[in-house]
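Q: Have a look at this one.
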Amino acid sequence: MAEVAMKDSDKTLRLVAFILNLVSTISAGWLIIPLAWMIPMTVISWGIYKGEKRNTVAFGVCTLIFVNLISGILLLVSSKDD
C-alpha cells in the first residue's frame, strides 16, 4: 500500500488518541484486579446473609480491609457463627 502523507495536526490528534487509550486501558486493568477478590467476597457475604455461610471474624476483617470499611464493621459487629 502507498503511504499517505499525514499532516502534523492529524499526527498530533492520533498521538493524543493513543495516549488516552493507553491511560484508559491501564485504569481499567487496575480496577479489574480488585474485582478478583471483591466479587467472591460479595457472594460469600450474600451466603452469610441467607444463613448458608458462616460469619467469622476473619471474614469480617478481610471485608473491612479489601471490600468496604462499613460492611466490614457491620460483619464484625453482627453475631459470629463459630
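Q: Based on the Cβ-Cβ distance from I73 to A36, what FRET efficiency comes out when R0 is 35 Å, to the nearest 0.05?
A: Values: r = 23 Å, r/R0 = 0.66.
FRET efficiency, I73 to A36: 0.90.
Q: Anything in the chain that counts as a DSSP H helix reaching 30 Å or more along its axis (C-alpha) with Kyte-Doolittle mean of at least -0.5? List them, would you?
A: Numbers: long enough: 8-50 (61 Å, 1.00).
Membrane-span-like by this rule: 8-50.
Q: Which three numbers, in whole Å and largest first, are the semi-axes of the equivalent ellipsoid of the range 8-77 derived from its Cα gyration tensor as √(5λ)? If you can, show how the numbers build up before the last one.
A: Working: eigenvalues 356, 23, 11 Å².
After diagonalising the Cα gyration tensor, the semi-axes are 42, 11, 7 Å.
Q: Still on this structure, I have one more. Gain in length, L20 to Y49, computed as 0.36 nm per residue apart minus the alpha-carbon separation, to one decimal in nm?
A: Working: separation 29, 0.36 × 29 = 10.44 nm, distance 4.17 nm.
Extra length from L20 to Y49 when fully extended: 6.3 nm.
Q: Taking H as built 1.01 Å from N, whose amide H comes closer than 5 Å to the amide H of N55, not counting residues under 5 places away?
A: Those qualifying (amide H under 5 Å, at least 5 residues apart or on another chain) are D81.
Q: What lysines does K80 reach when the alpha-carbon gap must be under 16 Å and sequence neighbours fewer than 8 apart in one chain are set aside?
A: Straight-line reach from K80, under 16 Å: K50, K53.
None of the figures in this text is laboratory data; all of them are computed from the coordinates on show. As the structure is a prediction and not an experimental result, all values here were calculated from the model. FYI the Cβ positions are ideal-geometry reconstructions off the backbone, even for glycines, and counts take in every protein chain you see.
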